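Heads up: the structure comes next, in C-alpha cells.
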Amino acid sequence: MGSQVAPALGRDVEGAAPSVIIKTEDLWKTYDMGAIQVNALCGVSFQIERGEYVAIMGPSGSGKSTLMNLIGCLDTPTRGEYWLNGRRVSELTDDELAYIRNKEIGFVFQTFNLLSRATALHNVELPLIYNGTPAAERRARAEEALRTVELGDRMEHKPNELSGGQRQRVAIARALVNRPSIILADEPTGNLDTATGDEIMALFDRLNASGNTIVLVTHEHDIAARARRIIHIRDGKVARDEKTGR
Ligand SMILES: Nc1ncnc2c1ncn2[C@@H]1O[C@H](COP(=O)(O)OP(=O)(O)O)[C@@H](O)[C@H]1O
Ligand SMILES: [Mg+2]
C-alpha cells in the first residue's frame, strides 16, 4: 500500500454542500474492447447525503458494479465528475486516493474477499495495518468491530471455520474498522441463503440506524426495499429514484 497522505482540507468544496457525501454529475464509463465499445454508464447524476441508506438496483449488466467501482474510487470515469465529501476525485493524487480508499470507504463484496489463512481478527486488522495504526489500538478496534457484528466469540476463527453469514460479518467488520464515511456493498447477500441474507440485511439496518451511510448494490427487489431510497439503474442510466418510506 502507498503511503497515507491526508487530503488537504478546505479545498475543492465547490461541488456540494457539506451534508452531501457523494455527488456524481453526468458520469460515463465506456469499456474499450478494441472492435467494440461498451457504454456501461451513460450519464449518471445523483447525490447522496450523510446518513442515507441507498440501494442501487438494476438487472444484471445494467452498470451497477461499474458505478460502485467509480464511487469507491477503484476506477475512473470516461467522462463526468465525481465529488466525495466535497472533493473532486479527478483532482486527487494517487496517494490521496489510496488514503480515501482506506479511510473513507468501507467495501463489502459478494465474495467476502477475506484472507483465507488469517483469523477473523487479523482480517479485520488489515486496513489498520495498511495505515500504520499502532498494534494495541489496532487490536482493540478490530475486536470492537467484531463485537459490533456479533462475532466477539469467533475472533480466532479462520474463514473456512466460519459460516457464509459469519464470513460476511467479518467482511463488514473489516469495512467498519476505519470508521469510514460510507459503506459500499456490492450484492452482499448474493452468496448467502435467504435466512442468512436477512441477518446481514438486519445488520445493515442497525449500522444505518447508528449513523453509518450505506450504499448497497443489488438486483433483488426484496433486498433493495430494505433501504430508505432506491436508485434504479437500467442500461447505464438512472431510470428512477424513489424513497421507500422506511
Ligand atoms: N472490465 C470490463 N471490460 C469490458 N466490459 C465490462 C467490464 N466490466 C463490465 N463490463 C460491461 O459493462 C456492462 C455493465 O457491467 P456491470 O457494471 O458489471 O453490471 P452489473 O454489476 O449491473 O451486473 C456490462 O455490459 C458488462 O459486460
Ligand atoms: Mg455487478
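What follows is calculated from the coordinates using simple rules that are stated; it is not laboratory data. Small disclaimer: the values here were computed from a predicted structure and weren't measured. Cβ sites come from the backbone with ideal geometry, for glycine too, and all protein chains shown count toward neighbours.
Each residue of segment 113-125 was assigned a 3J(HN,Hα) from its phi angle through the Karplus expression (A = 6.51, B = -1.76, C = 1.60, θ = phi - 60°), giving 6, 9, 7, 5, 8, 9, 5, 3, 4, 5, 4, 6, 6 Hz with x at Gly and Pro. For trypsin sites (Lys or Arg not before Pro), the sites in segment 79-119 that DSSP calls loop and that have at most 14 other Cβ atoms within 10 Å are Arg117.
The lysines whose alpha-carbon is closer than 27 Å to the alpha-carbon of Lys243, local same-chain residues fewer than 8 away aside, are Lys23, Lys29, Lys64. Taking amide H as placed 1.01 Å from N in the peptide plane, the amide H of Arg234 sits under 5 Å from that of Ala239, each at least 5 places away or on another chain.
Straight Cα distances below 18 angstrom link Lys103 to none of the lysines, with same-chain residues fewer than 8 positions distant left out. Under the convention that each Lys and Arg Cβ holds +1 and each Asp and Glu Cβ holds -1, the size of the dipole of the chain around its Cα centre is about 240 debye.
Taking the DSSP beta bridges in the chain as the whole, what percent of them are antiparallel, to the nearest 5? The antiparallel proportion sits near 55 percent. I'd like the FRET efficiency for Ser116 and Glu220, computed as 1/(1 + (r/R0)^6) with the beta carbon distance as r and R0 of 22 Å, rounded to 0.05. Efficiency at R0 = 22 Å is approximately 0.20.
Backbone amide hydrogens, once placed in the peptide plane, bring Ile21 within less than 5 Å of Ile48, Glu49, Arg50, excluding anything fewer than 5 places away on its chain. What's the magnitude of the charge dipole for segment 114-175 around its Cα centre, counting Lys and Arg as +1 and Asp and Glu as -1 at the beta-carbon? Answer in Debye, nearest 20. Dipole size: approximately 180 debye. Extending 7 Å from Cα along the Cβ direction at Ser19 and again at Ala195 yields two label points whose distance is 4.1 nm.
Estimated purely from DSSP H runs of n ≥ 4, each contributing -39500 (n - 2.57), the mean residue ellipticity at 222 nm for the chain is -9500 deg cm²/dmol once divided by its residues.
With a simple spin-label model that places each label point 7 Å from the Cα along the Cα-to-Cβ direction, the separation between Ala140 and Asp205 comes to 3.3 nm. With 0.36 nm allotted per residue and the present C-alpha distance subtracted, the Arg228-Glu49 stretch has 63.2 nm of extension available. Taking Cα atoms only, the orientation of helix 94-103 departs from the longest principal axis of the chain by about 50 degrees.
Ratio of Rg to Rh for the chain: 0.96 [Cα atoms; Kirkwood radius as inverse mean 1/r over pairs]. Have a look at Thr66, Thr194, Thr111 and tell me which one the Gaussian network model of the chain (Cα, springs below 10 Å) gives the largest fluctuation. The residue that fluctuates most here is Thr194.
For segment 141-246, the Kirkwood estimate of the hydrodynamic radius, built from every pair of different alpha carbons, is 14.7 Å.
Which residues in segment 164-194 have a backbone N closer than 20 Å to a point placed 7 Å from the Cα of Tyr130 along the Cα-to-Cβ line? Counting only backbone N, you get 167-188.
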